[in-house]
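Report on the structure given below.
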Amino acid sequence: MSDFSLSAQIEALLFLSPDSVPAEDLALACEASAEEVADALVELGRGLADGARGLVLREVGGGWALATDPRAEDSARRLLAKPRTSPLSQAQSECLAIVAYLQPVSRPEVARIRGASSESAVGTLLARGLIEEAGRSQFGAVLYRTSELFERLFGLAGLGELPEIVAFDPSPEEEAGLRQRLLRAGEQRVPG
């Protein structure tokens, strides 16, 4: 990591941390001395204080944190004032998985597979732009498929990148990761 400066490493760690980080923890994580970390914090603070960036370095709560520059307050208020959507429910997650693997698929088929009504869940997935209509079945039921937004949110170049369901026996870590991806997808807003 010789071409990656200590101040850049510290900036990355502070960006990742939701809480302030004590200098001692930064030194341990970066395998650096307390003096090196102190110098790197000064360097980082100077780099952020030049006014060309949207962040500032703050010493808070016994540690260090990145914060938004106060000059961005009006823009931040407008951005954060937008209504947020709730995460996907278990029913919505189940419906999304069924559509992803069996598309095109109708709502009655989804309900049969789940063993529960899916009208509300499918409606929410449609409203959020995660699925879209893909024609009609031979019996006249609307067929659904995943949308481009679904692929983008899940980081897929195409549906061929979905895990093979036949061989899928997730470890607890994989299951937790998939659950988190589904929850994050539910938090995303439909582009408008």
* Asked: Per the Cauchy relation, a quarter of the hull surface: what is the mean projected area of the convex hull of the alpha carbons in segment 90-187, in nm²?
  -> 6.4 nm²
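As a check on your grasp of the helix formula, calculate [θ] at 222 nm for the chain: sum -39500 (n - 2.57) over DSSP H runs of n ≥ 4, divide by the residue count, round to the nearest 500.
Result for the chain: -14500 deg cm²/dmol, rounded to the nearest 500.
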* Asked: What angle do you read, to the nearest 10 degrees and between 0 and 90, between the alpha-carbon axis of helix 6-16 and the longest principal axis of the chain?
  -> 40 degrees
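Which of Leu125, Leu13 has the fewest other C-beta atoms within 10 Å, and how do the rest follow up to the most?
Taking fewest neighbouring Cβ atoms as first place, the list is Leu13, Leu125.
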* Asked: Which number do you get for Rg(Cα) / (2.2 N^0.38 Å) in the chain?
  -> 1.42
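Using only C-alpha atoms and all pairs of different ones, pull out the Kirkwood radius for segment 6-79 in Å with one decimal.
It works out to 12.7 Å.
Throughout, read-outs are computed from the coordinates displayed, never taken from laboratory work. What you see is a predicted model; the values in this text were computed from it and never measured. With ideal geometry, Cβ positions are generated from the backbone for all residues, glycine too; neighbour counts draw on all protein chains shown.
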